[in-house]
Amino acid sequence: MNFNKLTKFAVAENKRLRKRDKRRLSRDAEVFAMVVKLMEELGELSEEILFHYSLQRKDKSDKFKDDNLKYEFADVILCSLLIADLMKIDVEKSLQVKMKKIENRYKKLKLGHN
């Protein structure tokens, strides 16, 4: 799957969510609701990571399955893309710029140690 396809899915999902939600939230309220949802998904991902490393309490471990972890990562990524779409942020371009900054940081560090 390419990034463009993932972004298009997020845009389509936001349209479906708006159509389903009869409350007609403002854009700001939609963003806020999605940020809360992202925090929920991060919590679920955290629980799965704890379970994966056998750090989850025994009384909680009954509901966990090894293959859930990958889906929780997907939930976090999709939720982040939904927020970016609502905020009109081009995540692909933002990632390209950020990756370049990180690469340049390491180039500078490498040059400084010669």
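Key figures for this structure:
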item: Failed item in (1) modelled with pLDDT under 95; (2) more than 30 Å from LEU25 (Cβ to Cβ), with GLU48 passing the rest; result: (2)
item: Meets criteria (within 26 Å of LYS8 (Cβ to Cβ), more than 16 Å from the chain's Cα centre (by Cα) and of a type in the set (A, V, I, L, M)) for MET87; result: no
item: Single residue of the range 33-82 satisfying the filter (hydroxyl-bearing (Ser, Thr, Tyr) and under 16 Å from LEU6 (Cβ atoms)) that is surrounded by the most Cβ atoms within 10 Å (Cβ to Cβ); result: SER80
item: Selected residue [among the charged types (D, E, K, R) and surrounded by 15 or more Cβ atoms within 10 Å (Cβ to Cβ)] from ASP28, ASP85, ASP90; result: ASP85
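The values are calculated or read from the model by the stated rules, or taken from the named source; none is laboratory data. Computed from a prediction, not measured in an experiment: that's the story for all the values here. Using ideal geometry, Cβ is built from the backbone for each residue, glycine included, and neighbour counts are taken over all protein chains shown.
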